[in-house]
Amino acid sequence: MLQVEHLSKSFGGLLAIDDLSLTVEKGQFVGILGANGAGKTTLLNLITGYLKPSSGSIVFEGKPIDGLAPYRVARTGIARTFQVVQPFNEMSVLDNVIAGALFSKPDQRLPLKQVREFCMEPLRLVGLDRQASQSAGALTLGAKKKLEFARALATQPRLLLLDEVMGGLNHAEIEDIKQVLSGIHQGGTSILMIEHVVQALIELSDYVYVVNFGRELTRGRPHDVIHDENVIEAYLGKPLDLPHA
């Protein structure tokens, strides 16, 4: 589905992404681990068109997308969330989702009533349907993260990119988000997720890449990756005692 080949990105003398390659298969849940500054968000910005690669290629469903503007990338079937949630606070929860649906497909002319009905489905999926008429600015941080998911899902993506969606959440909120993401994935959406909450990423992912200073450190099945000596030394610090899947 997604093929990133020998991707590099330089900012002046800083090489933020260095000859990085990865793939996401249809229906897969792929996780990316790495310390702050490892280049993870830069990678998502390259895939979604917010940055242009210095070299390398990005292909989605057989078509090159590197260098496309973000809105054009979105229309190919890729949606993303951001580390800092930024809903339209003065608008209702439902209207936030409608904005995502309308702006992603401007050529799709539907009656507003039909759009509203369509946008209730992403809200039901993330558990915000009962808060549809509430002001987005009044939501908790955890609920705002869910609203980001719903707004992204309203674009009908086949691939969803997630950037630190569990940052700042407490244990109960993290468990809630994990259930939401499992539901999204089981619904048929492929997911590429960057996350510092290692246990959640390991539990959710089918396959994991570890990035260090913009380069791939290792890749593999989640429980194999977190027991890799190089990963422990470069990122984890000590072995993690997590239950086997």
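The values are calculated or read from the model by the stated rules, or taken from the named source; none is laboratory data. What you see is a predicted model; the values in this text were computed from it and never measured. Heads up, the Cβs are rebuilt from the backbone with ideal geometry, glycines too, and the neighbour counts pull from every protein chain shown. Accessible surface areas use protein heavy atoms only, side chains included; no ligands, DNA or RNA. Shrake-Rupley method; radii C 1.70, N 1.55, O 1.52, S 1.80 Å.
Residue-level analysis places residue 203 outside the set of residues that are among the charged types (D, E, K, R), out of contact with any Gly (no Cβ under 8 Å at 6 or more places or on another chain) and at pLDDT below 90. The residues on offer are 181, 217, and the sole one that is farther than 19 Å from residue 85 by Cα and of a type outside the set (Lys, Arg) is 217. Residues that are farther than 27 Å from residue 178 by Cβ and among the aromatic types (Phe, Trp, Tyr) within the stretch 11-48 comprise just one, 11. Checked against (1) touching a helix residue (DSSP H, G or I) at 6+ places or on another chain (Cβ under 9 Å); (2) in contact (Cβ under 8 Å) with a residue 24 or more places away in the chain, residue 223 meets all criteria but (2).
Criterion first (touching a residue at least 40 places away in the same chain (Cβ under 8 Å), among the aromatic types (Phe, Trp, Tyr), open to solvent by less than 30 Å² (accessible area, probe 1.4 Å) and closer than 28 Å to residue 4 by Cβ) does residue 82 satisfy it?
On the way: touching a residue at least 40 places away in the same chain (Cβ under 8 Å): yes; among the aromatic types (Phe, Trp, Tyr): yes; open to solvent by less than 30 Å² (accessible area, probe 1.4 Å): no; closer than 28 Å to residue 4 by Cβ: yes.
Taking the combined requirement at face value, the residue does not satisfy it.
Of the strands (runs of 3 or more DSSP E) that lie entirely inside the stretch 151-245, those containing 2 or more residues that are farther than 14 Å from residue 30 by Cα and open to solvent by 10 Å² or more (accessible area, probe 1.4 Å) span 215-220.
Criterion first (open to solvent by 50 Å² or more (accessible area, probe 1.4 Å), more than 30 Å from residue 237 (Cα to Cα) and within 20 Å of the chain's Cα centre (by Cα)) does residue 113 satisfy it? Considered against the rule, which asks whether it is open to solvent by 50 Å² or more (accessible area, probe 1.4 Å), more than 30 Å from residue 237 (Cα to Cα) and within 20 Å of the chain's Cα centre (by Cα), residue 113 comes out as no.
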